[in-house]
Every structure is written in C-alpha cells, then in structure tokens.
Amino acid sequence: MIRSMKGIFICSLLYLFGPVASQEISGLSGEEISSYTENRYGPFTALINGEEYYYPYRQALGDPFFPVHDNNKASVRINGKVYENQQIKYDIYNNLVVLDFNDMNGASKSIILRSEWLDYFVLGNILFKKFRDEHGSERFGQVIYEGDITCFYLWTKRYQPNTRFGESHYSFSDPFRHSFILLNGELRPYNGRHSFLKCFPVKDRLYIKTYLKKNRIRIRRASDADMSLLMEFINQIQGNEK
C-alpha cells in the first residue's frame, strides 16, 4: 500500500512540476526518488493523502462536479504553499477536491486532496474556502465577499432515480446553492430578498433596500459580481457605524 502511494505521488510530481523534475529523478531508485521529492517539495502527504478517487457514477446521467465553463485550470494552497495550473475538480455531491493527472505511462489518474490541509482553491476564477454549514459540518464554499460581513455559497447536487428510464437509472441534478451571511461569527442563511434583509441589523435595512432598488438587484438571481458589490456596500455601512 505504501509503495503504491509513493508511486502515485511520484507520478503526480511529474505532472505538477513538469519535465525538469522528470529529468532530475530519472535513474534514481524508488527510495532515492522518495528522498529527493521530500527534500525538494516537502513530504508527499502535504500534497495528497494517497487515496485514489474512484468514480462510481459511470452509468448515471450527469456528474457530481461543480461546473466550470471557462478556464478549468486551478490553483490550490496546501499548508501555505500555492500550486498553480492544476487540473482540479470539485465533487460537490461528496465534498471532495480531486486532482487529475497523467502517470508516466500516460494513464489518467485522480487523487483526493487532504481537505484538512487544503487552505483554499481557485477553480476557474472562483475562490473556494472552508466554512461550516448550519449543522456544523465543514464544506468548501464559494466566496462571494470576505470581510467583517462575509457572503458565501455552499453548492451541492442531488443524486436520484431518473424516472424517464426507470428506478435502476440515476442522474445528477443541476447544481443548487445554499446562501449564507457570516456576521459576528453567526451563520445566517437566506434564500431571497426578505430573508437576506433579516440577516442585518434593523437600522441598516433601509439603506440596503434602497441599494437593491436603485441597482435593480433581485437576490435570487443576482450575479456574483452584483452580490460582491452589494456586500462591499453593506460592509461600508458597518464600517461607517463603528
């Protein structure tokens, strides 16, 4: 088992760090390669946990991943070290961050990044960081705005029988989100204009209502950019009141 974990790690290094690493470790024994990689890049457990990601949904329609429409290259920060231009997928159904790479034989491999050491990742141009949901469980959430008052989304999908093809066939739903405000350490969920306004002190709600009306923002359908600007405005209100 340990040998296979080292093999996965060595293959991933060739993918992560390119031909230079490949040239430098050519001809070394397995133990020498392990020593080399730990000296140069740190212990392999800082990058992966040795667990391969197996995909059990090949018969299902759709997939469990967060959709990325533009650039699917990602950057990740693990224990303070940033790795750029990685092939990352976020399994929002199982809350797993998966690294794809090709081994030395060109075969596709997938491994699970250790969430307890993963500080954040940027998928496309979307930042994900760890938050706790309403039940206290830790998940990676999309950061809309981070400040004294933070706004973030937790994404998931449903995995359910597809009635078009019978009970034996399953499909993934479109992604859906749970929206939250984090204020004074308190998690405040919202799903529309009314519940959004209730997240904030009564004295601030008129200002927020005026902003929403002036900028024609509908909370349920607002773009990420509009929500970010709205949260910036709300944080300014709070700052002015201090």
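List the residues, sorted by chain then number, that are 5 or more residues from TYR57 or on another chain and whose placed amide H is less than 5 Å from its amide H.
The answer is none.
If packing is taken as the average count of other Cβ atoms within 10 Å, what order do 147-160, 195-208 fall into, highest mean first?
On the way: 147-160: 18.2, 195-208: 14.9.
Output ranking for 147-160, 195-208: 147-160, 195-208.
Can you work out ³J(HN,Hα) from phi for every residue in region 141-149, in order, using Karplus 6.51 cos²θ - 1.76 cosθ + 1.60 and θ = phi - 60°, giving whole Hz and x for Gly and Pro?
x, 6, 7, 8, 7, 10, x, 4, 10
Using the 2.2 N^0.38 Å rule of thumb for compact globular proteins, work out how region 106-200 stacks up: its C-alpha Rg over that value, please.
For region 106-200, the normalised Cα radius of gyration is 1.36.
In nm, what is the difference between 0.36 nm times the number of residues separating GLN238 and SER115 and their Cα-Cα distance?
Working: separation 123, 0.36 × 123 = 44.28 nm, distance 3.28 nm.
Extra length available between GLN238 and SER115 comes to 41.0 nm.
Hey, what do the phi angles of region 155-160 turn into as Karplus ³J(HN,Hα) couplings, whole Hz, using 6.51/-1.76/1.60 and θ = phi - 60°, x for Gly and Pro?
Here the 3J(HN,Hα) series is 10, 8, 9, 9, 10, 8 Hz.
Please give the FRET efficiency for LYS209 paired with ASP133, using the beta carbon to beta carbon distance and R0 = 35 Å, rounded to the nearest 0.05. Before the final figure, lay out the partial values.
Details: r = 28 Å, r/R0 = 0.80.
So, using R0 = 35 Å, E works out to roughly 0.80.
Among the lysines, which fall within straight-line cross-link reach of LYS198, defined as a Cα-Cα distance under 26 Å, with same-chain neighbours fewer than 8 residues apart omitted?
The reachable lysines, counting only those whose Cα sits under 26 Å from LYS198, are LYS129, LYS130, LYS209, LYS213, LYS214, LYS242.
Tally Lys and Arg at +1 and Asp and Glu at -1 over the other residues with C-beta under 14 Å from the C-beta of ARG221: what net charge comes out?
On the way: positive: ARG177, ARG193, ARG216, ARG218, ARG220; negative: ASP224, ASP226.
Computed value for this residue: +3.
The numbers here are math on the coordinates, done by the rules we state, and not lab data. It should be emphasised that the depicted structure is a prediction, and the values quoted were computed from it without experimental measurement. Here Cβ is always computed from backbone atoms with ideal geometry, including for glycine, and neighbour counts include all displayed protein chains.
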